[in-house]
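Asks: Dropping the structure in here first, questions after.
The values are calculated or read from the model by the stated rules, or taken from the named source; none is laboratory data. Everything numeric here is computed off the predicted structure, so don't read it as measured data. All Cβ positions, even for glycine, are placed from backbone atoms using ideal geometry, and neighbour counts span all protein chains on display.
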Amino acid sequence: MNDSLPPGLYIVATPIGNLGDITIRAAEVLRNAELVAAEDTRVTAKLLQHLGIRVPMMSYHDHNADRVRPDLLEKAGRMPVALVTDAGTPLISDPGYKLVRAAHEAGMRVTTLPGPCAAVAAMTVAGLPTDRFLFAGFLPPKTAGRTRVLEELKSIRATLIFYETGPRLADCLADIHAVLGNREVAIARELTKLHEEVRRGPAADLAEALADSTPPKGEIVLVVGPPVEETFSPEAIEDRLKAALETMTVKEAAKLVAAETGGNRQELYRLALSLTGRA
């Protein structure tokens with residue numbers, strides 16, 4: 001048993017591109033771990049070689065997780081085991097949460113070593129609101145599936161973050177424009193690497209620019225701005241109420257216009273009553 005590192009599961013964030021982004025603490029844990037569970041051992045081997053670390057590894061990914069998990073848990077119960085992904089923070093659009101949950105249920109020590117994360121890194125350079133955001137991972141590869149998911153996210157008043165591939169990027173942007181409207185979008189590509197690039201603009205413009213070009217290479221994060229708050233004048237609100245009252249009750253009209261404009265439902269109800277001559 002390793003005397004300097006207690007047994008347990010250690011969630012270790014690794015660089016998303018530039019190997020210099022490894023934290024001192026992450027390197028120390030990898031150096032003192034007795035086993036590293038890696039998504040792709042070939043990728044992790046390059047990082048360990050860069051750090052001058054030699055430690056046994058085993059594969060842990062979507063295709064073998066159910067089979068490997070019991071053995072991995074048994075080992076984590078008696079030795080320090082580090083869990084890493086190919087790049088960035090484990091469990092973020094990668095396998096691992098079932099392992100972490102099982103480790104907690106078994107009463108094991110579970111420690112996180114925070115570090116690089118492509119989604120958060122993209123947020124910092126996108127120039128879009130950061131007070132509220134939702135990470136939604138990869139969108140479905142086909143338009144029908146993408147449209148369904150985007151419709152679900154349409155009303156969320158927060159910046160949206162997606163991972164995407166180069167070949168699907170133009171179609172994805174076109175679907176974002178069709179469903180979410182012409183929102184501001186940032187395309188963050190190859191973050192922390194030599195060819196790091198951030199392109200910003202309305203979804204329609206970016207979709208058009210990429211439609212007939214060679215698909216970009218590398219890892220891509222899409223950051224989509226929140227819905228633009230529309231301002232309604234008192235006259236516009238009254239016009240909406242009048243139109244709604246043609247087919248709805250006072251209560252229904254007030255509820256609809258409140259949802260559409262963000263107005264106070266009780267105030268709109270009183271206004272609707274006055275418009276119908278019932279106030």
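Asks: Within region 51-74, does at least one residue satisfy the condition of being surrounded by fewer than 19 Cβ atoms within 10 Å (Cβ to Cβ), modelled with pLDDT of 95 or more and touching a Lys or Arg at 6+ places or on another chain (Cβ under 6 Å)?
Replies: There is at least one residue in region 51-74 that is surrounded by fewer than 19 Cβ atoms within 10 Å (Cβ to Cβ), modelled with pLDDT of 95 or more and touching a Lys or Arg at 6+ places or on another chain (Cβ under 6 Å).
Asks: With respect to the numbered conditions (1) more than 30 Å from Gly137 (Cβ to Cβ); (2) buried (at least 19 other Cβ atoms within 10 Å of the Cβ), which one is the sole condition not fulfilled by Ala243?
Replies: Just one mismatch for Ala243, condition (2).
Asks: Looking at region 116-150 only, could you name the residues that are buried (at least 19 other Cβ atoms within 10 Å of the Cβ), more than 13 Å from the chain's Cα centre (by Cα) and over 20 Å from Thr165 (Cα atoms)?
Replies: Leu128
Asks: Would you kindly identify the helices (runs of 4 or more DSSP H) lying entirely within region 188-279 that contain at least 1 residues that are in contact with a strand residue (DSSP E or B) (Cβ under 7 Å, 6 or more places away or on another chain)?
Replies: Ranges flagged: 203-211.
Asks: Yes or no: Leu99 touching a helix residue (DSSP H, G or I) at 6+ places or on another chain (Cβ under 7 Å) and free of Cβ contacts under 8 Å to residues at least 60 places away in the same chain?
Replies: no
Asks: Restricting the search to region 192-226, which residues are within 17 Å of the chain's Cα centre (by Cα) and of a type outside the set (A, V, I, L, M)?
Replies: Glu219, Gly225, Pro226
Asks: Looking at region 136-159, I want the residues that are within 26 Å of Cys117 (Cα to Cα) and have a partner that is surrounded by 12 or more Cβ atoms within 10 Å (Cβ to Cβ) and of a type in the set (Asp, Glu) with Cβ atoms under 6 Å, at least 6 apart or on another chain. Which pairs are those?
Replies: Arg146/Asp175
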